[in-house]
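Down below is the structure, laid out as structure tokens.
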Amino acid sequence: MLAARRTRPASVAGGWELPGGKVEPGGDPAAALVRELREELAVDTEVVGRVVGPLGGDWPLDDGHVLRVLRVQLVAGEPLPGVAHDEARWLAPTEVDTVAWLEPDVGPARAAVERIPTWVDFPAGALEGRARALRVEALHDGRVGVVVDRTPFHPLDHGWPDQPGDVGLLDGARVHDCLTGTIDDDGRLLVGDDIDVRRGDPARTWVVVHVVDREAAPVLGESVDLAVDGAVRAALSRGHSACHLAALALNEATARFWSKQPPRRDSRGFPFLDQIAIQVSRIEPDGAYDAYRCGRSLRKAGFDADAFLAEREAVAAEAEGLLSAWVATGAVGRIDTGGDPTLTARRTWRCDVPGGPAVIPCGGTHAPDLTHLPRVGVEYRPTDDGFEQRTSVG
Ligand SMILES: [Zn+2]
């Protein structure tokens, strides 16, 4: 959340506000906000929603005006104070009370915290954390969903549900599952399969939902201790890293079955069969299941699926040879977040294996290095409309 410190008029100088400005009678509030932010803080923004207040959606002011709080997405620039402000500061969810807000901005600022997406620490491998319970809500199944400002838990992605959600403890009580949720401008929380928009839609706030028993629900606003089950996480991380390595080995070992330029190549320069044909991916403890479709369009693109399937055992042996050479390097795996700490950041898994780096967009968790994978085996089996790949670690 962006806070800015006013320089004028004297009555408000030194106080912090949610930046904005006055809308002329008949003017459009969204256009006015975009204009004010450009003039006062030199940033280009786009309005994506609002923070709804108690006065028909607005917030009270004492001079006959109301405060309308809109949420924007930063399009370009970094906030640079002009004449109206002498400082602009980004506040993390936990830092909302660290600045002296002008009185009318206190309520909206606190409400805005609930519209900040959950900050996630699982990309860096975190297993523990302490956070504030921002939302505690009954779910369909009689259990309770807990949203916090910041978490080490990895949630199941609703759009591409490959890696199961983490399990663990919240204040010592069992977290049975961890799901992706969204909050809309009316404050409604939608969880898992109920989410009706694509991943990362800026109109929604994207949050991690920890599923606990009703008796274990924390008190709203209080701090909670979060602890991920490290053994379950580690086994899923090994399965996930093995899954991505197996995908790249599949690409390389099947390169000779392409008769034309493939529509896409992977980070190592091989035809990206994995991404072109994948239908389903399930990360399991120490393994993965992937289903691929070999339809007419793949054949037209130049991939000879019949020849591949006829030779699938030799191809699997070739892929396993690549995998054992890669694993033997013990290469470090890391997740780039681009500096974005939120749940829906575009993250990328990178691992420098011989012959070209493994680089795959990925929202999951991974083994810290390849010494955690003693051996990676793959098996390909024909299915009704293509083939499936079973990957196993150890
Ligand atoms: Zn992944």
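The values are calculated or read from the model by the stated rules, or taken from the named source; none is laboratory data. Bear in mind that the values here come from a model prediction, so they are computed numbers and not experimental data. Glycine also receives a Cβ, built like all others from the backbone with ideal geometry; neighbour counts cover every protein chain displayed.
Structural remarks
- Of the strands (runs of 3 or more DSSP E) that lie entirely inside region 156-230, those containing 1 or more residues that are in contact with a Pro (Cβ under 6 Å, 6 or more places away or on another chain) and over 24 Å from Val52 (Cβ atoms) span 173-183, 223-228.
- Pair list, Cβ under 6 Å, 6 or more apart: region 254-280 residue within 20 Å of Glu313 (Cα to Cα), other residue surrounded by fewer than 18 Cβ atoms within 10 Å (Cβ to Cβ) and acidic (Asp, Glu): Phe257/Asp304
- Residues within region 1-35 that are closer than 24 Å to Arg115 by Cα and in contact (Cβ under 8 Å) with a residue 60 or more places away in the chain, tallied: 11
- Count - residues of region 217-243 that are hydroxyl-bearing (Ser, Thr, Tyr) and in contact with a helix residue (DSSP H, G or I) (Cβ under 9 Å, 6 or more places away or on another chain): 2
- Selection status of Asp62, free of Cβ contacts under 8 Å to residues at least 60 places away in the same chain and under 33 Å from the mean Cα position of the chain (by Cα): no
- The listed residues are Ala319, Ala305, and the only one of them that is away from the ligand (no atom under 16 Å from the Cβ), in contact (Cβ under 8 Å) with a residue 24 or more places away in the chain and touching a Cys at 6+ places or on another chain (Cβ under 7 Å) turns out to be Ala305.
- Being in contact with a Cys (Cβ under 9 Å, 6 or more places away or on another chain), modelled with pLDDT of 95 or more and under 30 Å from Asp286 (Cβ atoms) is a property that does not hold for Leu127.
- Hits in region 92-118 (condition: touching a helix residue (DSSP H, G or I) at 6+ places or on another chain (Cβ under 7 Å) and touching a residue at least 40 places away in the same chain (Cβ under 8 Å)): Pro93, Val96, Trp101, Ala109, Val113, Ile116
- Test: residue in region 44-52 that is loosely packed, with under 14 Cβ neighbours inside 10 Å and closer than 30 Å to Val219 by Cα: no
- Considering residues of region 330-379 that are away from the ligand (no atom under 16 Å from the Cβ) and polar (S, T, N, Q) only, the residue surrounded by the most Cβ atoms within 10 Å (Cβ to Cβ): Thr342
- Looking only at region 261-273, and only at residues there that are of a type outside the set (Phe, Trp, Tyr) and touching a Ser or Thr at 6+ places or on another chain (Cβ under 9 Å), the one that is farthest from the ligand (Cβ to nearest atom): Pro271
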